[in-house]
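Participant: Got a structure for you, written out below as C-alpha cells; questions coming shortly.
Please treat every number below as a calculation from the coordinates, not as lab data. Keep in mind that what you see is a predicted model, and the values were worked out from it rather than measured. Don't worry about glycine lacking a Cβ; one is built from the backbone with ideal geometry, like all the others, and counts go over all protein chains shown.
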Amino acid sequence: MLNLVNVGHKSLADYATITARGLMQEIERLAEPLRGRKVVHLSATAFGGGVAEINYTLVPLMRDVGLEVEWRIIHGQEEFFSATKTIHNALQGNPQGLTAGQREIFHRYNVDNARSFEDEHDFVIVHDPQPAAMIERFPDSSARWIWRCHIDLSTPNEDVLDFLLPSLRRYHATVFHRHEYVPRTTGMPPAYIWPPAIDPLTPKNMALSPEDAAYIVDQFGIDVERPLLTQVSRFDPWKDPLGVIDAYRQVSEHHSGVQLALVGSMAHDDPEGWDFYNQTVAHAAGDPDIFILSNLNNVGAVEVNAFQVHSAVSLQKSIREGFGLTVTEALWKTRPTVAGRVGGIVAQIQDGETGWLVDSAGECAEACVEILGDPAAARARALRGKEFVRKHFLMPRLLRDWLVLFNRLLDQDTAGADVAVVAAA
Ligand code: UDP
C-alpha cells in the first residue's frame, strides 16, 4: 500500500465568517449529493512545495463536508526523482529531454506504484507528472481520474510532453492554474481552470499583531523604527533577488533609512540554489541594511508571517511565475504589494487598483518610493487587494471548485455553480 499522509482534522465552520459571503451555503449544497464518495489524492511528497501546502488544508476540509478522502504518497528512489525533475523542467520549456534510461525508470516506478495502489475510489486526483502514468495500469477503473497540474505547460519541450500524452489522454479531466498553461494539443480531456488558494488560519497566514510582528523581526536585526522592504522567495534567478537589490538601492537614494529583507528557504541538496544564494550575498556587497535570511536562520512559517506583516512594502519582482502564493499571502496581510507583471501574478494584482505591477528594477523602485511617500493611499490600495484575496484565493473557494468538478463528472446538477473549462481539443 502507498503511504498515507496524516493531515489531522479541520473544520470548515472555522472559516465561515472570514471567507466570501454565501460561499458556505454553496459548499453545503454542492457537498450534499457527494456525501460518502471516496476520493484519493496521489502525489510525490508530503513536505515542501505547493501541493503539500494546499493538501494539508484541502484534504481535511473535503472530509469535513462528508467525503471519504485520503492522501497517499508514491514511492521512488533518487533515479526516479532525477527523471521526474527533468520532466518537470522540460514541461516548463527546458530543452533538455529524457534519455531512454529515464523513460524506462519513469514507467517502471509508475507500474510499481500502481501495483501498490487499490483502485477502489470514486475520484482519483493525481498531482503533477510524477504519478501521471499510474492510470495506464487501470484500464477498467470505474473511478473518475483527474490530473491536477500545478505547472505551466504552455511552451513545453514537445518530446517530453509527447512522452506523457498517452497517459494524460486517459484522464476524465485535467485542472490547471490558468488558461494559458493548458497545452495546445489534441485528444486531451477537458481542462478545468482554477487558481490555488491559501489557508488564512495557518501559522503563516493567521492574524499577527503589528507588535508581535515587530517583536519577531527585531530578533533578526531589523530596526523596527525604519521602513522595511521584503521579498519572500526561493533564491532563484526567476525570482530576481538581484533586481530587488538594485531597486532597493534606487529607493534608498530617496529614503536613506530604508532596509531590505530577502527571505528565502534553501534546500540542503540544491547546489544551484546555493550558487545563486552566494551571488545574491555578493550583490548585496556587505550593505548592513540588507538582510539575507533563510531557513538556516530559523525563519519558519511564523517568521515569514511576521516579515510580511511588518513590511512597508512587500515585493515579488519575479521574471516568471506559476502563480505566486507569496503575493496572495502579502495581499492577505494588507501589504502594499509590488510585483512583476508575469504569470499568475497578473491574475492577483490589478495594477493601480490593488497593487503595483512592474517590468523593471526602475519601475519597482518608483512604486516603493510612491508607497513610502503616501502610506495612506498605499493602504487604500492594499485594502482592496485583501478583499480580492478574500473573494478569490482562500481555501474554501478551492474546496468549492473541486466539489463543482466532482458533481460534473458524475453528471449531477450543480445548481448553477460553475468553474471555467477549456473544452477538449
Ligand atoms: N516560503 C517560505 N519560506 C521561504 C520562502 C518561501 O515559507 O523562505 C513559502 C512562501 O510563503 C510561499 C511558498 O513558499 O507559501 C512559495 O510559493 P510561490 O508560489 O510564491 O513560489 P514557488 O516557490 O512555488 O515558485
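Participant: Considering the dipole of the range 194-339 built from charges on the beta carbon (Lys and Arg +1, Asp and Glu -1) around the Cα centre, which of Asn278, Thr202, Ala301 is farthest to its positive end?
Facilitator: Thr202
Participant: Further question on the same structure: Antiparallel DSSP bridges in the chain: what percent, to the nearest 5?
Facilitator: Here the antiparallel bridges make up roughly 10 percent for the chain.
Participant: Additional query: Using the structure shown, list the pairs from Lys204/Lys333; Lys85/Lys239; Lys10/Lys386; Lys85/Lys317; Lys317/Lys391 with a Cα-Cα distance above 21 Å, or answer none.
Facilitator: Long pairs (Cα-Cα over 21 Å): Lys10/Lys386; Lys85/Lys317; Lys317/Lys391.
Participant: Round to a whole angstrom and tell me the spacing of the C-alpha centers of the range 358-425 and the range 60-99.
Facilitator: A separation of 25 Å, based on Cα centres.
Participant: With Cβ to Cβ distances under 15 Å as the rule, what net charge do the other residues near Phe106 carry (K, R +1; D, E -1)?
Facilitator: Cβ neighbours under 15 Å give a net charge of -4.
Participant: Need the full-extension length gain, Asp140 to Arg169, defined as separation in residues times 0.36 nm minus the C-alpha distance. One decimal, nm.
Facilitator: Net length gain for the segment: 8.9 nm.
Participant: Nothing charged except the Cβ atoms of Lys and Arg (+1) and of Asp and Glu (-1): what's the magnitude of the dipole of the chain about its Cα centre? Round to the nearest 20 debye.
Facilitator: Dipole about the Cα centre, nearest 20: 1020 debye.
Participant: Using the per-residue mean of other Cβ atoms lying within 10 Å as a proxy for protection, in what order, highest first, do the peptides 217-227, 51-61 fall?
Facilitator: 51-61, 217-227
Participant: Report the percentage of all Cα-Cα pairs in the range 134-185 whose separation exceeds 18 Å, rounded to a whole percent.
Facilitator: 33
Participant: Under 1.5 on a/c is rounded, so check that first for the chain, then, if it is not, pick prolate when a/b is larger than b/c and oblate when it is not; a ≥ b ≥ c are the square roots of the alpha carbon gyration tensor eigenvalues.
Facilitator: Verdict is prolate for the chain.
Participant: Classify the range 1-121 as rounded, prolate or oblate from the Cα gyration tensor: take a ≥ b ≥ c as the square roots of its eigenvalues, call it rounded if a/c is under 1.5, otherwise prolate when a/b beats b/c and oblate if not.
Facilitator: Prolate, since a/c reaches 1.5 and a/b exceeds b/c.
Participant: Residue separation times 0.36 nm, minus the C-alpha to C-alpha distance between Gln350 and Ala415: what's the value?
Facilitator: Extra length from Gln350 to Ala415 when fully extended: 20.3 nm.
Participant: Another question, then. For a Förster distance of 22 Å, can you work out the FRET efficiency between the beta-carbons of Asn298 and Phe47, rounded to the nearest 0.05?
Facilitator: Once the sixth-power term is evaluated, E becomes 0.80.
Participant: Rounded to the nearest 0.05, what FRET efficiency do Val422 and Asp162 have when you use their Cβ-Cβ distance and R0 = 22 Å?
Facilitator: 0.65
Participant: Which of Gly76, Met188, Ser142 sits closest to the plus end of the dipole of the range 61-188, meaning its Cα is farthest towards the positive end, when Lys and Arg get +1 and Asp and Glu get -1 on the C-beta?
Facilitator: Final value for the positive-end residue is Met188.
Participant: Then there is this: Could you work out how far apart the two model spin labels at Glu387 and Glu32 are, taking each label as a point 7 Å from the Cα in the direction of the beta carbon, and quote it in nm?
Facilitator: For the pair Glu387/Glu32, the computed spacing is 3.1 nm.
Participant: Sticking with this structure for a sec: First select every other residue whose beta carbon is under 14 angstrom from the beta carbon of Gln308; then total the charges, Lys and Arg +1, Asp and Glu -1.
Facilitator: +1
Participant: Further question on the same structure: Taking the Cα centre as origin and putting +1 on Lys and Arg beta-carbons and -1 on Asp and Glu beta-carbons, what dipole magnitude results for the range 287-342, to the nearest 20 debye?
Facilitator: Using Cβ point charges on Lys, Arg, Asp and Glu, the range 287-342 gives about 260 debye.
Participant: Okay, moving on. Report the residues of the range 297-339 in range of a label on Val224: point 7 Å along Cα→C-beta, backbone N strictly under 17 Å from it.
Facilitator: Only 302-313 fall inside the zone, counting backbone N under 17 Å.
Participant: For Ile18 and Leu4, compute 0.36 nm times the residue count separating them, minus their Cα-Cα distance, and round to one decimal in nm.
Facilitator: 2.0 nm
Participant: What distance in nm lies between label points placed 7 Å from Cα along the C-beta direction at Arg320 and Asn94?
Facilitator: 1.0
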